[in-house]
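Chemist: Take this structure, written in structure tokens, and hold onto it; I'll ask about it next.
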Amino acid sequence: MNSASSDADAPVRPRIVLGVGGGIAAYKACEVLRRLTESGHSVRVVPTEGALKFVGAATFEALSGQVVSADPFDDVHEVPHVKLGQNADLVVVAPATANLIAKAAHGLADDLLTNTLLTARCPVLLVPAMHTEMWEHPATQHNVALLRSRGVVVAEPASGRLTGKDTGKGRLPDPAEIVELARLLLVRSDALQRTLEGVHVAISAGGTREPLDPVRFIGNRSSGKQGYALARVAAQRGARVTLVAGNTADLATPAGVDLVRVGSAVELRDAMHKVAADADVVVMAAAVADFRPVSLSGHKIKKTSGDPDPISLTKNPDILAELVSARREGQVIVGFAAETGDETTSVLDYGRAKLQRKGCDLLVVNAVGDGKAFEQEDNAGWLLSKDGAETPIPHGPKTQVASAVWTRLPPACPSLSRLFSDQPAQKECP
Ligand code: CTP
């Protein structure tokens, strides 16, 4: 095969423009870039002059394999100030400084990146990073609202350590999270519109650990990735999110999410009842152990103390069923069912029976086993609603499954129509 035909056969790689603003978080753009190129995207980096004071063009060129310039007068014969935006499938700006957000909101175009933002007709994701005071300033908040009202996705910043010793809201979200959001937008351009503003969502994630002694426990293989993806997408859609997490893989707390850590099923139950008391939507994505040891040894069980006794187990509470019985007026409750199916009953039939038994409004049904669902990056399944609707969820990253759940929620739950906005939030901006 000659090189011409192999080029023609190569799959078309999504074209992403990665804008980099002039803030200290510019160094994290290198990690965003590396992850995007490694997952098969063609990335053209467009830094501002300020960004180049933090990271040299050579670093971006080496990592992207493409030329890097901040100046619209470089390579003028190729008309880059128009072509880059026109040809992009997605523009991501990370970090987006307060200055860059202000320029984008008001249509200024004084460098290659701001020109690109004006010519792009693809989805645009701005990922802010700045000090808390700058983020909270009414000028920035008006600019953010104005951009969002035009359909631009302005991500929620994370909270945590900022430049220097101070902490607060305004930190750049984890690079892995930025890449997740970017990949979601490439598949569904409306996946991060602000349809959950004013909604409080409580989500459980991860596996519980039922202790036997101070060092041992009975656990399960849940990584927590699906629950974290639900929390991440809900927060970016504007919800206030409380995430109650058991044991998980090494996952960064999603930006804009309040995290509560728990260990056992009983701890998870207490935490969920507490947050559910104030939540509009409750999602039980955690893998809860159905049983726990009857007794907990106060000291490490030693093998020298003779033959071990069999472990006696007792039933854990069914938290989902309890939450359904205790539900507030109008509250929506979503459950999960990870099923294998067997000779007599399919995965979907087990899911239908579980929806009836648990009494929740929606049930996300996944097939597990054979490398599916647990500890995986991708997921698939069905969304069963108590009104009888059954929506297949196509195979894809867990953020895509999360987006399918949040999209299906308003039509499936008319009791929440007072809260959901069908359209991206339209804010008044003086
Ligand atoms: N769940 C719960 N409390 C439990 C067990 C499960 O709240 N003690 C929740 C899970 O978070 C999930 C749903 O119930 O949302 C279904 O969990 P699953 O383990 O599939 O169902 P079980 O009720 O345990 O039934 P079985 O394992 O027998 O299929």
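The values are calculated or read from the model by the stated rules, or taken from the named source; none is laboratory data. Just so it is clear, the model here is predicted, and its values are computed rather than measured. So basically every Cβ, Gly included, is an ideal-geometry build from the backbone, and we count neighbours across all protein chains shown. Side chains included, ligands, DNA and RNA excluded: accessible areas come from the protein's heavy atoms. Shrake-Rupley method; radii C 1.70, N 1.55, O 1.52, S 1.80 Å.
Chemist: Rank Gly65, Val257, Val55 by how far each Cα sits towards the positive end of the charge dipole of the chain (+1 on Lys, Arg Cβ; -1 on Asp, Glu Cβ) and give me just the farthest.
Modeler: It is Val257, whose Cα lies furthest towards the positive end.
Chemist: Counting DSSP beta bridges in the chain, what percent are antiparallel, to the nearest 5?
Modeler: Rounded to the nearest five, the antiparallel share is 35 percent.
Chemist: May I pose another question? Taking the Cα-to-Cβ direction at Arg121 and at Glu390 and moving 7 Å from each Cα, how far apart do the two end points lie in nm?
Modeler: Placing both labels 7 Å beyond Cα along the Cβ direction yields 4.1 nm.
Chemist: Continuing with the same structure: Give me the 1.4 Å probe accessible area per residue for the chain, excluding ligands and nucleic acids, in Å². Before the final figure, lay out the partial values.
Modeler: Details: 20200 Å² over 430 residues.
Here the residues of the chain average 47 Å² of exposed surface.
Chemist: Can you give the accessible area of Arg408 in Å² (nearest 10), computed on protein heavy atoms with a 1.4 Å probe?
Modeler: Near enough 40 Å² of accessible area.
Chemist: What's the extension gain from Thr304 to Arg161 if we count 0.36 nm per residue and subtract their Cα-Cα distance? List each step's numbers first, then the result.
Modeler: Values: separation 143, 0.36 × 143 = 51.48 nm, distance 4.78 nm.
Result for the pair: 46.7 nm of gain on full extension.
Chemist: If you don't mind, another one. Convex hull over the alpha-carbon atoms of the range 14-187: what's its volume per residue in Å³? Walk me through the numbers on the way to the answer.
Modeler: Values: hull volume 17.3 nm³, N = 174.
Value for the range 14-187: 99 Å³ per residue.
Chemist: Same structure again: Under a Cβ-Cβ cut-off of 10 Å, what is the net charge of the residues other than Pro14 that fall near it, where Lys and Arg count +1 and Asp and Glu count -1?
Modeler: Values: positive: Arg13, Arg15, Arg183; negative: Asp89.
Surrounding charge for Pro14 is +2.
Chemist: About the Cα centre of the chain, what is the dipole size in debye to 20, counting +1 per Lys and Arg Cβ and -1 per Asp and Glu Cβ, all else neutral? Don't skip to the end; give the middle numbers.
Modeler: Working: 46 positive and 49 negative charges, 159 e Å.
In debye, rounded to 20, the chain gives about 760.
Chemist: Calculate how large, on average over all directions, the projected area of the Cα convex hull of the chain is; give the answer in nm² to one decimal.
Modeler: On the way: hull surface 108.7 nm².
The number I arrive at for the chain is 27.2 nm².
Chemist: Under a 1.4 angstrom probe, counting protein chains only, how are His395, His142 ranked by accessible area, largest first? Before the final figure, lay out the partial values.
Modeler: Values: His395 130, His142 80 Å².
Descending order: His395, His142.
Chemist: While we're on this one: Report, for the range 14-187, the % of DSSP beta bridges that are antiparallel, rounded to 5.
Modeler: Details: 4 of 20 bridges.
Among the beta bridges of the range 14-187, antiparallel pairing accounts for roughly 20 percent.
Chemist: Of Arg328, Arg232, Arg240, which has the most accessible area with a 1.4 Å probe, and how do the rest follow in descending order?
Modeler: Arg240, Arg328, Arg232
Chemist: I would also like to ask the following. Among all lysine pairs in the range 14-187 that are eight or more places apart or on different chains, how many have alpha carbons less than 26 angstrom apart?
Modeler: Count of close lysine pairs: 10.
Chemist: What do you reckon, how do Leu212, Leu108 stack up by accessible area (1.4 Å probe), largest on top?
Modeler: Descending accessible area places them as Leu108, Leu212.
Chemist: Something else now. May I ask for the Kirkwood hydrodynamic radius of the range 42-96, worked out over all distinct Cα pairs and given in angstroms to one decimal? Walk me through the numbers on the way to the answer.
Modeler: Numbers: mean 1/r = 0.0839 Å⁻¹.
Here the Kirkwood hydrodynamic radius works out to 11.9 Å.
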